[in-house]
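These notes are about the structure you will find just below.
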Amino acid sequence: MPDRLGGRVAIVTGGGHGIGKAYSRALAAAGASVVVADVDGAAASAVASELGARGHSVRADVADEGSTRAMAESALARLGRIDILVNNAAIFATIPITRGTIEEITVEEWDRVMAVNLRGVFLACRAVLPAMKHQRYGKIVNISSGTALSGSPTRIHYVASKGAILSFTRTLAREVGAAGITVNAIAPGSTLSEEAPTPEILAIRNARVADRAIPRVQVPEDIVGAVVFFASPESDFITGQTLVVDGGAVLH
């Protein structure tokens, strides 16, 4: 349905790299104008150019309040509204972090991960909510992780940040529902993104295939349907929910 999101304006944070590219492409294919926001401005511009007339770009550091405000202001100035926010930006795949135990993770790295993965969601939501409340309509889609539900013996900072997203989603859904805004989360499994994985990462992802009811490696195209659904009118009466998209690794 190419016009499923016709006339809507979406912002995808972290949309210039990896799985964020797939989200940007899918929203544009469904008819939305997409603002590709990324701390890597050149990558954001490249993806926006690929999307043609529906693509726009902005350099944005979601950990910085002024930058997220400028992101929202740019979208409003160019497109006149903000209907959809996909909070995808995170420190994980494109910015390496320690795959170690709690004793191996430094306080500095903990704070850096929380600043982007958690504070970034908080700041991006705050930046777009005035426009959404004015419109009496909005769709916020927060990208969590299946590790938030299953736990992981390494990367406790990443997993904790993604677990916090689930509580954040439920709470914000309660706060803004009366304004016509829905807030939902997606918890993907380990996904082979467009970024070239190291042999170690590829081995980890292949090993996780055995845990899935659908025994294959997950790819970005497996997740985009959930993002478009939560961005569309079909989910207007769904809010505060988490949809696990992992091929049946976590069943609940």
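The values are calculated or read from the model by the stated rules, or taken from the named source; none is laboratory data. This one's a predicted model, so the numbers in the text were calculated from it and none came from an experiment. Here the Cβ is made from the backbone with ideal geometry for all residues, glycine too, and neighbour counts use every protein chain on show.
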Task: Subset of region 34-64 (residues that are part of a helix (DSSP H, G or I) and on the phi < 0 side of the Ramachandran plot) - done: GLY41, ALA42, ALA43, ALA44, SER45, ALA46, VAL47, ALA48, SER49, GLU50, ALA53, ARG54
- [ ] Identify, by number, the condition in (1) under 25 Å from SER144 (Cβ atoms); (2) of a type outside the set (S, T, N, Q); (3) surrounded by 22 or more Cβ atoms within 10 Å (Cβ to Cβ) that GLY18 doesn't meet.
- [x] (3)
- [ ] Being more than 16 Å from the chain's Cα centre (by Cα) and crowded, with 21+ Cβ neighbours inside 10 Å is the filter; apply it to region 22-46 and report the residue that is farthest from GLN218 (Cα to Cα).
- [x] SER33
Task: Qualifying residues in region 210-222 (those that are hydrophobic (A, V, I, L, M, F, W, C) and in contact with a strand residue (DSSP E or B) (Cβ under 9 Å, 6 or more places away or on another chain)) - the one modelled with the lowest pLDDT - done: VAL217
- [ ] Please work out if GLY225 is on the phi > 0 side of the Ramachandran plot, surrounded by fewer than 20 Cβ atoms within 10 Å (Cβ to Cβ) and modelled with pLDDT of 95 or more.
- [x] no
Task: Check on GLY31, in a loop (DSSP other than H, G, I, E, B), more than 20 Å from LEU118 (Cβ to Cβ) and not β-branched (Val, Ile, Thr) - done: yes
Open item on the list: Can you pull out every residue in region 164-193 that is modelled with pLDDT of 95 or more, under 24 Å from GLU104 (Cβ atoms) and buried (at least 19 other Cβ atoms within 10 Å of the Cβ)?
Closed with: ILE165
